[in-house]
Amino acid sequence: MIDICEDDVKTLRNAIQKVLKEGGVEDAELFSHIEVTRILLESSIYHFEEIMNDCTNKFLSANSKEMKGLELRKIFVEFNIENIFKEWDTMCDLIYDSKKIAIDLNKETISNAFNNIADKFARGEYIDACLEVAKREYPEFSNAKVIREE
């Protein structure tokens with residue numbers, strides 16, 4: 001997945017780096033990596049919550065006896081990276097405060113780069129590309145059936 005979205009992440013990082021450089025931030029390249037990580041962690045939490053809500057509504061809202069009382073968040077707790085994000089966010093604030101960095105990153109170029117990643121994720125482009133790589137690298141995978149709603 002990393003290779004598949006690498007160019008898009010690099011575009012986001014470059015947009016952030018440019019704004020940081022324009023703001024006079026030393027080590028703008030380093031801080032762009034830090035900020036991209038923060039953005040992607042926060043985005044991952046948002047998507048995890050959306051997936052959990054969608055699955056709960058779709059699969060657990062039925063009055064099925066087997067599904068009653070099933071809590072998806074408990075089953076998938078290891079995929080919830082909220083605590084990692086909180087620690088990263090705290091670390092970022094400490095670093096930025098110590099370096100006296102206060103740059104507004106709400107810029108159109110950054111927003112466009114992030115929205116491109118979010119849109120591709122939402123459309124399943126990254127997942128589809130991962131599946132294609134898996135089929136190529138592991139031919140036995142292509143025999144597996146994947147059911148997908150359109």
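Values quoted throughout were computed directly from the atomic coordinates according to the rules given, and no laboratory measurement underlies them. Being a predicted model, the structure only gives us computed values, none of them experimental. Positions of Cβ are backbone-derived with ideal geometry, glycine not excepted, and every protein chain shown enters the neighbour counts.
Here segment 1-59 is described by how far its Cα atoms reach on the three principal axes: 50, 22, 13 Å, from widest to narrowest.
Excluding K99 itself, what net charge comes from residues whose Cβ is under 12 Å from its Cβ, given Lys and Arg +1 and Asp and Glu -1? Provide the component values of the computation, followed by the final result.
Working: positive: K100; negative: E26, D27, D93, D97.
With Lys, Arg at +1 and Asp, Glu at -1, the net is -3.
Each residue of segment 81-95 is assigned a 3J(HN,Hα), and the resulting list reads 9, 4, 5, 4, 4, 4, 5, 4, 4, 4, 4, 4, 4, 5, 5 Hz, derived from the Karplus form 6.51 cos²θ - 1.76 cosθ + 1.60 (θ = phi - 60°), x at Gly and Pro.
If R0 is taken as 25 Å, the Cβ-Cβ distance between E6 and L94 corresponds to a FRET efficiency of 0.30. A simple packing score, the average count of other Cβ atoms within 10 Å per residue, orders the peptides 99-107, 15-23 as 15-23, 99-107, with the highest score first. Taking 7 Å steps out from each Cα toward its Cβ at K86 and F59 produces label points 2.6 nm apart. Coupling constants for segment 119-128 follow from the phi torsions by the Karplus curve (6.51 cos²θ - 1.76 cosθ + 1.60, θ = phi - 60°), and in residue order they are 5, 5, 5, 5, 7, x, 5, 5, 5, 4 Hz; glycine and proline get x.
Can you work out the FRET efficiency for the pair L105 and E132, with r the C-beta to C-beta distance and R0 = 25 Å, to the nearest 0.05? The calculated FRET efficiency here is 0.15. A full extension of the chain between Y46 and N115 corresponds to an added length of 23.5 nm, given 0.36 nm per residue minus the alpha carbon distance.
Here the Karplus relation 6.51 cos²θ - 1.76 cosθ + 1.60, evaluated at θ = phi - 60°, turns the backbone of segment 35-46 into coupling constants of 6, 4, 4, 4, 4, 6, 5, 5, 5, 4, 5, 4 Hz, with x for every Gly and Pro.
Between R38 and L72, the FRET efficiency from the beta-carbon distance, with R0 = 30 Å, is close to 0.70. Once you reduce segment 85-113 and segment 1-49 to the center of their Cα atoms, the two points are 10 Å from each other.
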